[in-house]
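Data block below; observations after.
The values are calculated or read from the model by the stated rules, or taken from the named source; none is laboratory data. Note that the coordinates shown come from a computational prediction; the quantities given were computed from them, not determined experimentally. A quick note on method: Cβ atoms are made from the backbone with ideal geometry, for glycine too, and the neighbour counts reach across all protein chains shown.
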Amino acid sequence: MLIEELKTIVGPGAWKSDVDDLRPYVTDWRGEVIGSTPLMVSPASTEEVSQIVRACSAAGIAIVPQGGNTGMCAAAIPDDSGTQILLSLSRMNKIRSIDTDNFSMEVEAGCILANIQDAARGVDRYFPLRLGAEGSCQIGGNLSTNAGGVNVVRYGTARALVLGLEVVLADGTIVNSLRSLRKDTAGYDVKQLFIGSEGTLGIITAATIKLFPDPGEIQTALVALRSSGDAVRLFAKLRSELADRIEAFELVSQRVFGFVEKHIPDTKVPFDVDYPWYVLIEIASGGTPELLESALLDASDANLILDAIIAKNSIEAEKFWRLRHSIAEAERQEGSSLKHDISVPISRMEEFLRRGDDLLAKLAPNSRLVAFGHVGDGNLHYNVLLPAGSDAGAAVTAAIYSLVDEFGGSFSAEHGVGQLKRQYLEEYRNPAEIELMRTLKKALDPQNILNPGKVI
């Protein structure tokens, strides 16, 4: 019997079958999607993952890989059939090696992102992937969704941070390409198939990731603005002056920070009055402490900012970042919302927000826009809180995604597709792209046992 075989593979204490014990693992982070599974297994090695996949393949039973279960599109949640096996990578949490001279680190898929960051700092190196969920999300999940976060403007998405991967295919084959090379043009770059594929083409079990020099002294500022357009113009000005010293550039509306102050204890926006928009900026000052102040004074002279506070120390900077990282939790406490993780060209963000306001006024006049995001890479979290009993949700989402497409943007900037956005992939990607994706899926997973019902 498959269930008993899987229990034997992982051993005592490494599986769960009780419904109550499984509830947190079959419920998505937002509490809106609930699945079912007869068994969750937690392998301790790549070989055990391979054995599990091989056994499920022989039985024709589907597998759903799961990391920290912090995703926003329910990609790591099994369906409600009660037949799919949940495979947790949480026990595979070793940092296998760090090569300081090569600026690389080999990690298992279950490593928590914050632990990787700490390990890099411990050897005077830096891993720049930073997310609000970094204390619980796992690197395998980050790579399977091609996570973005706050430092994309300087370092790129998760895809840009990977040198090599170890992956288990749908038949149990282990593909080990854990090379740590910056240059390697020998054939196809196979690892890129699996990054962003959300576990539908293979299960990532380990990765070789890039490290960077410690950026040194970091300066953080919270800046008040009159408009989102000023944020775009401020970013362009600062980037011209500071080049790649900009580590993060985060846009947040006054309403959003108001939710944080309302729902998250010990948070306070440090201005005496409310402003329409705020930008949280972080730069690597390179030992020049006056660099950010000088740049902001120039921006003030250009009438781009209304007010600004530069953090005096790391404690104050952490308070600024706590405001930003608490947004998701504060929004959740405000009520269920329509989540739109979109990206548009940076130069058109102000126009998009203006057109979006017009759409909401027409389709859902009593709604509340929750807008924040990563201006430096064009990624905006354009979430909408609808009044109780409203049936405008489908129309609002359709109109927003249509507007995003008109602007040459994407309906999924960093959260992935999962099971919540599959219909939009079909609608907004051209038929040739969709057919190529299906061809890859059929070639690598002919039985459709790897995370079925997700992405495509």
Exactly one of (1) in contact (Cβ under 8 Å) with a residue 12 or more places away in the chain; (2) of a type in the set (Gly, Ala, Ser); (3) outside any loop (DSSP other than H, G, I, E, B) is unmet by residue 110. Its number? (3)
Which count do you get for residues in region 1-32 that are at pLDDT 95 or above and farther than 27 Å from residue 50 by Cβ? 4
Residue list for region 410-444, filter: surrounded by fewer than 20 Cβ atoms within 10 Å (Cβ to Cβ) and charged (D, E, K, R): 422, 426, 427, 429, 433, 435, 438, 441, 442
Does residue 207 count as part of a helix (DSSP H, G or I) and either crowded, with 20+ Cβ neighbours inside 10 Å or touching a residue at least 12 places away in the same chain (Cβ under 8 Å) (or both)? no
Quick check on this structure: which one of 332, 355, 324, 348 is of a type outside the set (A, V, I, L, M) and surrounded by 18 or more Cβ atoms within 10 Å (Cβ to Cβ)? 324
Which one of these is farther than 23 Å from residue 322 by Cβ, touching a helix residue (DSSP H, G or I) at 6+ places or on another chain (Cβ under 8 Å) and among the small types (Gly, Ala, Ser): 144, 90, 104? 144
What are the residue pairs meeting all of these: first residue in region 361-385, first residue on the phi > 0 side of the Ramachandran plot and surrounded by 23 or more Cβ atoms within 10 Å (Cβ to Cβ), second residue assigned to a helix (DSSP H, G or I) and among the aliphatic types (A, V, I, L, M), Cβ atoms under 8 Å, and 6 or more apart or on different chains? 378/346; 378/349
Do we have any residue at all in region 112-124 that's surrounded by 22 or more Cβ atoms within 10 Å (Cβ to Cβ) and not aliphatic (A, V, I, L, M)? no
For residue 298, all conditions in the list (1) in contact with a helix residue (DSSP H, G or I) (Cβ under 8 Å, 6 or more places away or on another chain); (2) surrounded by 15 or more Cβ atoms within 10 Å (Cβ to Cβ) hold save one; what is the number of the exception? (2)
For region 226-265, enumerate the residues that are under 28 Å from residue 290 (Cβ atoms), in contact with an Asp or Glu (Cβ under 9 Å, 6 or more places away or on another chain) and not in a helix (DSSP H, G or I). 227, 246, 247, 248, 249, 250
Sort through 373, 389 and tell me the only one that's modelled with pLDDT under 95 and not in a strand (DSSP E or B). 389
Filtered residues of region 82-98 (kept if assigned to a loop (DSSP other than H, G, I, E, B), buried (at least 17 other Cβ atoms within 10 Å of the Cβ) and β-branched (Val, Ile, Thr)): none
Filter region 411-443 for residues that are more than 22 Å from the chain's Cα centre (by Cα), over 15 Å from residue 398 (Cβ atoms) and in a helix (DSSP H, G or I) and give the result. 431, 432, 433, 434, 435, 436, 438, 439, 440, 441, 442, 443
